[in-house]
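Here is the structure we will look at, set down as structure tokens.
The values are calculated or read from the model by the stated rules, or taken from the named source; none is laboratory data. Predicted model, so just to flag it, every value in this text is computed and none were measured. For neighbour counting, all protein chains shown are included, and Cβ atoms are generated from backbone atoms with ideal geometry for every residue, glycine included.
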């Protein structure tokens, strides 16, 4: 299931979306059109909150305890977050790791951010995944996040 924080621009005609605009303008415009549809703009299911960010459990977890850390401000790309937002997200990652260590006692973690559809981002509101990992949860974890391109995972 794909989620978008706004209308899907790929279904709009070229008459509506002229092609001679600067790169990225469509995504920025779309993000402004309808923030009410963004599942991450509501913080109702937050576990912890800070001034600029919050954390919640992923509704489609890879493993038990899979957490998302999300800036409160609606922004699509990690690279468009402010230094203050990044610092608060990292602080919340530390806090959530402590909670997950107590609750799930994982053997390791993956931390990741998908930026843009080609990377696998399906909700166009930046979010950092904190995924607890356990020995044996995958047959061969070697390569970790390199597995996003399966042929590159083993080296």
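Scanning region 140-152 for residues that are surrounded by 10 or more Cβ atoms within 10 Å (Cβ to Cβ), part of a helix (DSSP H, G or I) and over 21 Å from the mean Cα position of the chain (by Cα) turns up just one, 152. Please verify whether region 123-137 includes one or more residues that are farther than 16 Å from residue 38 by Cα, surrounded by 13 or more Cβ atoms within 10 Å (Cβ to Cβ), touching a helix residue (DSSP H, G or I) at 6+ places or on another chain (Cβ under 6 Å) and without any contact (Cβ under 8 Å) to a residue 60 or more places away in the chain. No: zero hits. Quick one: is residue 58 surrounded by fewer than 17 Cβ atoms within 10 Å (Cβ to Cβ), closer than 17 Å to residue 39 by Cα and touching a strand residue (DSSP E or B) at 6+ places or on another chain (Cβ under 7 Å)? Spelling it out, residue 58 is indeed surrounded by fewer than 17 Cβ atoms within 10 Å (Cβ to Cβ), closer than 17 Å to residue 39 by Cα and touching a strand residue (DSSP E or B) at 6+ places or on another chain (Cβ under 7 Å). Considering only region 76-94, I want to know if a residue exists there that is touching a residue at least 60 places away in the same chain (Cβ under 8 Å), part of a strand (DSSP E or B) and surrounded by 17 or more Cβ atoms within 10 Å (Cβ to Cβ). No, every residue in region 76-94 fails to be touching a residue at least 60 places away in the same chain (Cβ under 8 Å), part of a strand (DSSP E or B) and surrounded by 17 or more Cβ atoms within 10 Å (Cβ to Cβ). Within region 99-120, residues that are over 11 Å from residue 132 (Cβ atoms) have Cβ atoms under 6 Å from residues that are in a helix (DSSP H, G or I) in these pairs: 112/145; 113/78; 115/78, counting only partners at least 6 apart in sequence or on another chain. Taken over region 103-139, the criterion of being outside any strand (DSSP E or B) and more than 21 Å from residue 81 (Cα to Cα) is satisfied by 103, 104, 105, 106, 107, 134, 135, 136, 137, 138, 139. Checked against the criterion of being touching a strand residue (DSSP E or B) at 6+ places or on another chain (Cβ under 7 Å), modelled with pLDDT of 95 or more and not in a strand (DSSP E or B), the candidates 68, 100 yield just one match: 100. Does residue 70 satisfy the condition of being under 13 Å from the mean Cα position of the chain (by Cα), surrounded by 12 or more Cβ atoms within 10 Å (Cβ to Cβ) and over 18 Å from residue 39 (Cβ atoms)? No: the conditions fail for residue 70.
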